[in-house]
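What follows is a single structure, written as structure tokens, with notes after it.
The values are calculated or read from the model by the stated rules, or taken from the named source; none is laboratory data. The shown structure was predicted, so the numbers you read here are calculated from the model rather than taken from an experiment. Neighbour counts run over all protein chains shown; Cβ positions are idealised from the backbone, glycine included. Ligands, DNA and RNA are excluded from the accessible area calculation, which covers all protein heavy atoms including side chains. Shrake-Rupley method; radii C 1.70, N 1.55, O 1.52, S 1.80 Å.
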Amino acid sequence: MTNTPATSTYTARRITVPLYRPYEEAVRNFEHMVPAIDAARFFKLDTWDAVVRLMSKEAPHGFLRYQSLDISPFMAASGAAGECVVYLMGNHVIAERMYRHDPSVMLYAPLRVVIQADVSGQAVFVIDQPSMLFASFHDPAITAVGHELDEKVSALLEALGVESPW
């Protein structure tokens, strides 16, 4: 870290994946596969090994939901129709492996995911490819974890019943 302002320009790749099911069903399915974190359980643990064990048990597909926000009610008064939920999805055991090198990785961890309804009411999953986001830190250790997250997102998409885009 320096005390001098700096900028970084990088390329991101947004992945948009049709889930081939109605929006409400897809949201329920995603929330089942990526359960909400029970933060109180994690905060009670006194060792990192215990945190690692609990995460492996609680995150069946490698991710937990740290937050979700249904955007639709906020947009309703504008006349903009459509359903959309934004999720913060991640795994703080994995994030720690990047955080130790540069805490500013938390700009992108947890990962931001959107599930939205298309014009026919079918669900669409949207995410920026993790490896490209984390490569912007120009640290091979962070970039390697980004590639691991690509694989975990890919496996999650396959568990959701769709083909991975990468």
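Along the Cα→Cβ direction, 7 angstrom out, place labels at D139 and L107. What is the inter-label distance in nm?
Going by the 7 Å Cα→Cβ label model, 1.3 nm.
Quick check on the chain: helices-only [θ] at 222 nm, where DSSP H runs of length 4 and up contribute -39,500 (n - 2.57) each and the sum goes over total residues. Nearest 500, please.
Taken over the chain, the calculation gives -11500 deg cm²/dmol.
Please compute the net charge surrounding A123, taking Lys and Arg as +1 and Asp and Glu as -1 over other residues with Cβ under 13 Å from its Cβ.
-3
For the stretch 66-122, run through the trypsin sites (Lys or Arg not before Pro) and keep only the ones in DSSP coil with at most 13 other Cβ atoms within 10 Å of their Cβ.
Passing sites in the stretch 66-122 are R100.
Give me the number: length gained by fully extending E163 to F42, i.e. 0.36 nm times residue separation minus the C-alpha to C-alpha distance, one decimal in nm.
Answer, rounded to one decimal: 40.3 nm.
What net charge is computed for the residues neighbouring P22, neighbours being all others with C-beta under 13 Å from the C-beta of P22, Lys and Arg scored +1, Asp and Glu -1?
Local net charge: -2.
If packing is taken as the average number of other Cβ atoms within 10 Å across a peptide's residues, how do 71-77, 119-125 rank, most packed first?
Top to bottom by mean Cβ count within 10 Å: 119-125, 71-77.
Return, ordered by residue number, the residues of the stretch 103-122 whose backbone nitrogen is under 12 Å from a label point located 7 Å along Cα→Cβ of M75.
114-119
For the stretch 7-63, which GluC sites (Glu not before Pro) pass both filters: DSSP loop (anything but H, G, I, E, B) and at most 14 other C-beta atoms within 10 Å?
Passing sites in the stretch 7-63 do not exist.
If you take the square roots of the eigenvalues of the alpha-carbon gyration tensor of the stretch 1-156 and sort them as a ≥ b ≥ c, do you get rounded (a/c under 1.5), prolate (a/b over b/c) or oblate?
Cα axes put the stretch 1-156 in the oblate bin.
Once amide H atoms are placed 1.01 Å from N in the peptide plane, what residues at a sequence separation of 5 or more from R21, or on another chain, have their amide H within under 5 Å of its amide H?
Residues meeting the amide H criterion: A123.
Which whole-number value in Å² is the accessible area per residue of the chain, probe 1.4 Å?
Dividing the accessible area of the chain by its residue count gives 58 Å².
Share of the stretch 31-117's accessible area from carbon and sulfur, percent, 1.4 Å?
Of all accessible area on the stretch 31-117, carbon and sulfur atoms account for 58 percent.
What is the stretch 101-141 by shape, rounded, prolate or oblate, if you read a ≥ b ≥ c off the alpha carbon gyration tensor as root eigenvalues and call it rounded for a/c under 1.5, prolate for a/b larger than b/c, and oblate otherwise?
prolate
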